[in-house]
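Student: There's a structure below that I have some questions on.
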Amino acid sequence: MNDGSVLRLGVLGSGRGSNLAAIGRAIGEGRLAAKLVAVLSDQPDARILHLGRQFGARTECIPPETLRGRLDAETEAKFVEVLREENADLVVLAGFMRIIGPVFLAAYPHRIINVHPSLLPKHRGSNAAAQALAAGDKITGCTVHYVDEGVDTGKIIAQREVRIEPGDTADSLQARIQAAEHELLPAVIAGFTRHE
């Protein structure tokens, strides 16, 4: 870190939390000078919340008004309130299956990043590994990008390639993409400082 301070991370996820686990490992091994201060989800039974508690972070489920899709402004404000209470410097979307909007983006301008399982701009949205197979791609991978109001349309920060092997299924390919994500995401986070 440029100023010697520890980056305070807020992580949002909807599922198992494998990228959160990778961030936690990087912190524990001294590869990432950061602290997990908040782990938030839109799903009450998401495993990511259990992992967040193991890492000593504040954990909360904030259920949106809608079943899926874009967060409503009121729910966004609740997420932002918790993140501000914990003085989060950077917000990381790691398997968060919601689209965030203007309330969130205004609160953390250029401080929200997402990891996506494709080489953007190809294969935006869900089921990216299956999309890559259906397209006949030879190479896919993962991308860390800034979040904007679109779906996986923000400025690309970094990418990692993954070769598609003969006989790959969506599941086998997704597993290798996730392994690449687990390396790339902590490395990208390490490039941020508290005050830029």
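Student: Can you go through 184, 173, 133 and tell me which one is touching a Cys at 6+ places or on another chain (Cβ under 9 Å) and hydrophobic (A, V, I, L, M, F, W, C)?
Tutor: Only one candidate passes the filter, namely 184.
Student: Do we find a residue being in a loop (DSSP other than H, G, I, E, B) and more than 18 Å from residue 186 (Cβ to Cβ) anywhere in segment 7-14?
Tutor: Yes, segment 7-14 contains at least one residue that is in a loop (DSSP other than H, G, I, E, B) and more than 18 Å from residue 186 (Cβ to Cβ).
Student: Here's a follow-up. What's the total number of residues in segment 73-104 that are farther than 21 Å from residue 190 by Cα and either surrounded by 15 or more Cβ atoms within 10 Å (Cβ to Cβ) or among the small types (Gly, Ala, Ser) (or both)?
Tutor: 15
Student: Right, something else. Of the residues that make up segment 107-123, is at least one more than 27 Å from residue 170 (Cα to Cα) and exposed (fewer than 15 other Cβ atoms within 10 Å of the Cβ)?
Tutor: yes
Student: List the residue pairs whose Cβ atoms are under 7 Å apart, where the first residue sits in segment 16-42 and is under 12 Å from residue 189 (Cβ atoms), the second is surrounded by 20 or more Cβ atoms within 10 Å (Cβ to Cβ) and among the charged types (D, E, K, R), and the two are 6 or more positions apart or on different chains.
Tutor: Going by the 7 Å Cβ cut-off, the qualifying pairs are 19/181.
Student: Considering only residues that are modelled with pLDDT under 95 and among the polar types (S, T, N, Q), look in segment 115-152 and name the one that is nearest to residue 96 (Cα to Cα).
Tutor: In this case the residue turns out to be 126.
Student: Same structure, new question: From the residues in segment 26-41 that are of a type outside the set (Val, Ile, Thr) and crowded, with 21+ Cβ neighbours inside 10 Å, which one is nearest to residue 95 (Cα to Cα)?
Tutor: For segment 26-41, the residue satisfying everything is 41.
Student: Of the numbered conditions (1) in contact with a Lys or Arg (Cβ under 8 Å, 6 or more places away or on another chain); (2) at negative phi, residue 69 fails exactly one; give the number of that condition.
Tutor: Going through (1) in contact with a Lys or Arg (Cβ under 8 Å, 6 or more places away or on another chain); (2) at negative phi one by one, residue 69 breaks only (2).
The values are calculated or read from the model by the stated rules, or taken from the named source; none is laboratory data. Everything quoted here is computed from the prediction, not taken from an experiment. Ideal geometry is used to build each Cβ from the backbone, glycine not excepted, and the neighbour counts take in all protein chains shown.
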